[in-house]
1. For the chain, which cysteines have no second Cys with its Cβ under 4.7 Å from theirs?
2. Considering only the other residues whose Cβ falls under 11 Å of the Cβ of Val114, what net charge follows from Lys and Arg at +1 and Asp and Glu at -1?
3. May I ask you to list the GluC sites (Glu not before Pro) in region 12-98 that are in a DSSP loop and have at most 14 other Cβ atoms within 10 Å of their Cβ?
4. Summing +1 for each Lys or Arg and -1 for each Asp or Glu, what net charge is found among the other residues whose Cβ lies under 11 Å from the Cβ of Cys102?
5. With Cβ to Cβ distances under 11 Å as the rule, what net charge do the other residues near Asp51 carry (K, R +1; D, E -1)?
6. How much mean residue ellipticity at 222 nm does the chain get from its helices, if each DSSP H run of length 4 or more adds -39500 (n - 2.57) and you divide by all residues, to the nearest 500 deg cm²/dmol?
7. Going by amide H atoms built from the backbone, whose H comes under 5 Å of the H on Gly79, apart from near neighbours?
8. Region 88-170: which trypsin sites (Lys or Arg not before Pro) are DSSP loop and have at most 13 other beta-carbon atoms within 10 angstrom?
Amino acid sequence: MNIILLGPPGAGKGTQAHILVDERGMIQLSTGDMLRDAKDSGTEMGKVVADVMARGDLVTDEIVIGLIREKLQGEKGGGFIFDGFPRTLPQADALGELLAECGETLDAVIEMQVDDDALVGRITARSTCAGCGAVYNDVTKPIPADGVCTNCGEAKGFTRRADDNEESLKNRLMEYYKKTSPLIGYYYAKGMLQSVNGLGEIADVKSSIAGALDG
Ligand code: AP5
Ligand code: MG
């Protein structure tokens, strides 16, 4: 089963994708994570995207479609979770074509609905394990006092993202409403959209997603 997790910054896409990977053996394809890896490893592409991402603007369709194409050719089995991709109508068209080329289909698009005030609170409190990428939150899921990640069991430290500040977040939200939210109508018209309330506890959101996928 191949699915898209669609929602604004801070909706919980990464959090729920990690759960689906752990519990269902699916493969998470997060373009945000791929771009941050490119930036951290100092590749030419990483240098190009660093400022764009820090401002909260979208990276070009060409770059992100290229990243997804590479992953789809390299990875097999388990089902893909597209996390943060597609984010524009051209990306959505490209995903359909790429999946068809690999003989795969898109099975569901889960829209995670969260109100904007909650997003600001979530994002400005977020940190990530530098070892495995597990997501923490100062309020709802604090970093363990001993500094050991509960997911990977390592103490590699916890990082804050360069774009997790109020100014970049405003821009990320504007980009979402202008360029990404039209995908809700796009996938509704294709009969694939399922909307879940992303505002509850992480476990409740997980159950809603399971209901949408299995129900
Ligand atoms: P990306 O990394 O995709 O960021 P995003 O879409 O802004 O989303 P986030 O990762 O911030 O939020 P999330 O929904 O994953 O929430 P999370 O689970 O972490 O993209 C970053 C940038 O890369 C973009 O701005 C753009 O520049 C570029 N980019 C990426 N893809 C692109 C594309 N396709 N095209 C063009 N450019 C692209 O949760 C957030 C916090 O909330 C955490 O602290 C978590 O613990 C907490 N939380 C989660 N769920 C709950 C809950 N139910 N209750 C309480 N707290 C919760
Ligand atoms: Mg994310």
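Computed from the coordinates by the stated procedures, all read-outs in this text should not be read as laboratory data. What you see is a predicted model; the values in this text were computed from it and never measured. For neighbour counting, all protein chains shown are included, and Cβ atoms are generated from backbone atoms with ideal geometry for every residue, glycine included.
1. Cys102
2. Working: positive: Lys13, Arg122; negative: Glu111, Asp115, Asp116, Asp117.
That sum, taken over residues with Cβ under 11 Å, equals -2.
3. On the way: sites: Glu23, Glu44, Glu62, Glu70, Glu75, Glu97; in loops: Glu75.
Filter output for region 12-98: Glu75.
4. Overall, the nearby charge balance is -1.
5. Numbers: positive: Lys39, Lys47, Arg55; negative: Asp57, Asp163.
Residues close to Asp51 contribute a combined charge of +1.
6. On the way: 9 runs with 101 residues, N = 215.
Using -39500 (n - 2.57) per qualifying helix, the result is -14500 deg cm²/dmol.
7. The list, which skips near neighbours in sequence, is Ile27.
8. Numbers: sites: Arg122, Arg126, Lys156, Arg160, Arg161, Lys170; in loops: Lys156, Arg160, Arg161.
Passing sites in region 88-170 are Lys156, Arg160.
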